[in-house]
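Asks: Got a structure for you, written out below as structure tokens; questions coming shortly.
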Amino acid sequence: MINLIHSQLFLLTFTIGTYVVAVWLYRRTKLMLLHPLLTSLLVIIVGIKSAGIPYPEYAGATKIIDFLLGVSVVALGYLLYEQMIHMKGNITAMLTSVLVGSVVGIVSVILIARALGADPRVVSSLEPKSITTAIAVTVCQHSGGIPALTAIVVIVVGIFGAVVGPVILRILRIESKLAKGLALGAAAHAVGTARAMELGAVEGAISGLAIGLMGVMTAIMVPVIEVIMKYL
Amino acid sequence: MAGIFILLFYYFLGTLLSYLTGNFIPGSIFGMLLLFLSLVFHIIKSEQVRSAATFFLNHMMLFFIPLGVGLIASYTLISKYLTAISIASAGSTVLVVAVVGVIAQKMESKHHD
């Protein structure tokens, strides 16, 4: 019986089962606090802790799920393509603003976190904070950060950006639909896009595009900026 | 099944490219870019990957649960720097919104003049 709880079969069933229930719960309640990733993590962490399963054992048993993360990052290439064919006009404005936003986002988070004395691994985990979780976690792992921290920070940043973003845009007198959509998608990924959709269909569509652009640019810029910052 | 094969194949190609370029950028990111370019240049048709890609995209959240559970392993380190993490993330997010918003608006209006 005890052996069964430690089996790969049980841990995979438990993980996927928890995820399915968490998604169902979120769809029923639509409460941001019940974000499926947060509830899943809470349930699984409490579950394996009380069963006395050490993290390396859990990680080993669920390696296949982790492998599929890589496949789903590749699948984002399809999403990017589907969004790009809807992209018309103002391409230079989109690319330039998101590229500068990506660089400012990475550099500012490094400088602030370093100034506050954060551990280098923590700093690496924060660099991809503005982008969609799958890419963020991949970038973080690659640069020696803590993927778990990145996953949580990305969600919290998304909620924060979606709430505070529109206020900042108002203070700065940003009226353009393109600018609002890009800013929310670039800073707060899917949560920002959900907010942008409330502002309007154009803002929503552009925001979705910004998630992809920001993800790709940040994935490329993080290693570049890390090399540059090393020599500063 | 062909769709799953294409995704795995691009993942492999991306990983190979990453290896050949000194692991500077993760393989799955290269795979994503190669898949995107192949779709743009009609090397593969979007219908060929649509159902497989949609499946993975719809359930993406599941795929980072195992990494997220790693929170238990690094809990002490994270709680030690919680203030730095919060201030840096919040401050930087405000900057991203402002920079992207201002630049996009400036460049767009120039475009219209």
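Asks: On the given criteria, is B:F56 within 7 Å of chain A (Cβ to nearest Cβ) and closer than 25 Å to A:Y58 by Cα?
Replies: In short, yes.
Asks: Would it be correct to say that A:L178 is surrounded by 17 or more Cβ atoms within 10 Å (Cβ to Cβ), at pLDDT 95 or above and either in contact with a helix residue (DSSP H, G or I) (Cβ under 7 Å, 6 or more places away or on another chain) or facing chain B (nearest Cβ under 7 Å) (or both)?
Replies: Answer is no for this residue.
Asks: Please identify the pairs in which a residue from the range A:102-119 that is touching a residue at least 12 places away in the same chain (Cβ under 8 Å) and facing chain B (nearest Cβ under 7 Å) has its Cβ atom under 7 Å from the Cβ atom of a residue that is in a loop (DSSP other than H, G, I, E, B) and surrounded by fewer than 17 Cβ atoms within 10 Å (Cβ to Cβ), counting only partners at least 6 apart or on another chain.
Replies: none
Asks: OK, next. Pairs, please: C-beta under 9 Å, at least 6 apart or cross-chain, first residue more than 9 Å from chain B (Cβ to nearest Cβ) and in the range A:141-159, second of a type in the set (D, E) and surrounded by fewer than 24 Cβ atoms within 10 Å (Cβ to Cβ)?
Replies: Close Cβ pairs (under 9 Å, with a partner that is of a type in the set (D, E) and surrounded by fewer than 24 Cβ atoms within 10 Å (Cβ to Cβ)) amount to A:S143/A:E226.
Asks: Same structure again: Is it true that some residue in the range A:70-78 is in contact (Cβ under 8 Å) with a residue 12 or more places away in the chain and in contact with a His (Cβ under 7 Å, 6 or more places away or on another chain)?
Replies: no
Asks: Suppose we filter B:I85, B:I78, B:I4 for residues that are more than 7 Å from every other protein chain (Cβ to nearest Cβ), open to solvent by less than 70 Å² (accessible area, probe 1.4 Å) and assigned to a helix (DSSP H, G or I); which single one remains?
Replies: Of B:I85, B:I78, B:I4, the one residue that is more than 7 Å from every other protein chain (Cβ to nearest Cβ), open to solvent by less than 70 Å² (accessible area, probe 1.4 Å) and assigned to a helix (DSSP H, G or I) is B:I4.
Asks: A further question follows. Let me confirm something: among B:F24, B:F36, which residue is part of a loop (DSSP other than H, G, I, E, B), facing chain A (nearest Cβ under 7 Å) and under 18 Å from the mean Cα position of the chain (by Cα)?
Replies: Only one candidate passes the filter, namely B:F24.
Asks: While we're looking at this one, here's another question. For the range A:160-175, which positions are more than 7 Å from chain B (Cβ to nearest Cβ), open to solvent by 30 Å² or more (accessible area, probe 1.4 Å) and either within 16 Å of B:S92 (Cβ to Cβ) or β-branched (V, I, T) (or both)?
Replies: Scanning the range A:160-175 gives A:V163, A:V167, A:I171.
Asks: I would also like to ask the following. So, in the range A:25-42, how many residues would count as being closer than 19 Å to A:T150 by Cα and open to solvent by 40 Å² or more (accessible area, probe 1.4 Å)?
Replies: Residues flagged as closer than 19 Å to A:T150 by Cα and open to solvent by 40 Å² or more (accessible area, probe 1.4 Å) within the range A:25-42 amount to 5.
Asks: Need the failing condition index for B:S51 against (1) more than 7 Å from chain A (Cβ to nearest Cβ); (2) buried (at least 18 other Cβ atoms within 10 Å of the Cβ), just the number.
Replies: (2)
Asks: Moving on to the next point. Considering only the range A:6-20, state which residues are more than 18 Å from the chain's Cα centre (by Cα) and either open to solvent by 90 Å² or more (accessible area, probe 1.4 Å) or of a type in the set (F, W, Y) (or both).
Replies: A:Q8, A:L9, A:F10, A:F14
Asks: Would the range A:55-62 turn up any residue that is surrounded by fewer than 20 Cβ atoms within 10 Å (Cβ to Cβ), more than 9 Å from chain B (Cβ to nearest Cβ), more than 21 Å from the chain's Cα centre (by Cα) and assigned to a loop (DSSP other than H, G, I, E, B)?
Replies: No, the range A:55-62 contains no residue that is surrounded by fewer than 20 Cβ atoms within 10 Å (Cβ to Cβ), more than 9 Å from chain B (Cβ to nearest Cβ), more than 21 Å from the chain's Cα centre (by Cα) and assigned to a loop (DSSP other than H, G, I, E, B).
Asks: Please go through the range A:181-210 and pick out each residue that is of a type outside the set (A, V, I, L, M), without any contact (Cβ under 8 Å) to a residue 24 or more places away in the chain and either under 15 Å from B:T93 (Cα atoms) or crowded, with 24+ Cβ neighbours inside 10 Å (or both).
Replies: A:T193
Asks: Restricting the search to the range A:83-113, which residues are of a type outside the set (V, I, T) and buried (at least 17 other Cβ atoms within 10 Å of the Cβ)?
Replies: A:Q83, A:N90, A:A93, A:M94, A:S97, A:L99, A:G101, A:S102, A:G105, A:S108, A:A113, listed by residue number.
Asks: Please specify each residue of the range B:39-62 satisfying the condition of being of a type outside the set (A, V, I, L, M, F, W, C) and part of a helix (DSSP H, G or I).
Replies: B:S46, B:E47, B:Q48, B:R50, B:S51, B:T54, B:N58
Asks: Another question about this same structure. Being closer than 25 Å to A:G77 by Cα and touching a helix residue (DSSP H, G or I) at 6+ places or on another chain (Cβ under 8 Å) narrows it down to one residue among A:S108, A:S143; which is it?
Replies: A:S143
Asks: Looking at (1) within 7 Å of chain A (Cβ to nearest Cβ); (2) over 30 Å from A:L34 (Cβ atoms), which one does B:F63 not meet, given that it meets all the others?
Replies: (2)
The values are calculated or read from the model by the stated rules, or taken from the named source; none is laboratory data. None of these values were measured; they are calculated from a predicted model. Cβ: placed from backbone, ideal geometry, glycine included. Neighbour counts: every protein chain shown. Side chains are part of the model used for accessible areas, which takes the heavy atoms of the whole protein and leaves out ligands, DNA and RNA. Shrake-Rupley method; radii C 1.70, N 1.55, O 1.52, S 1.80 Å.
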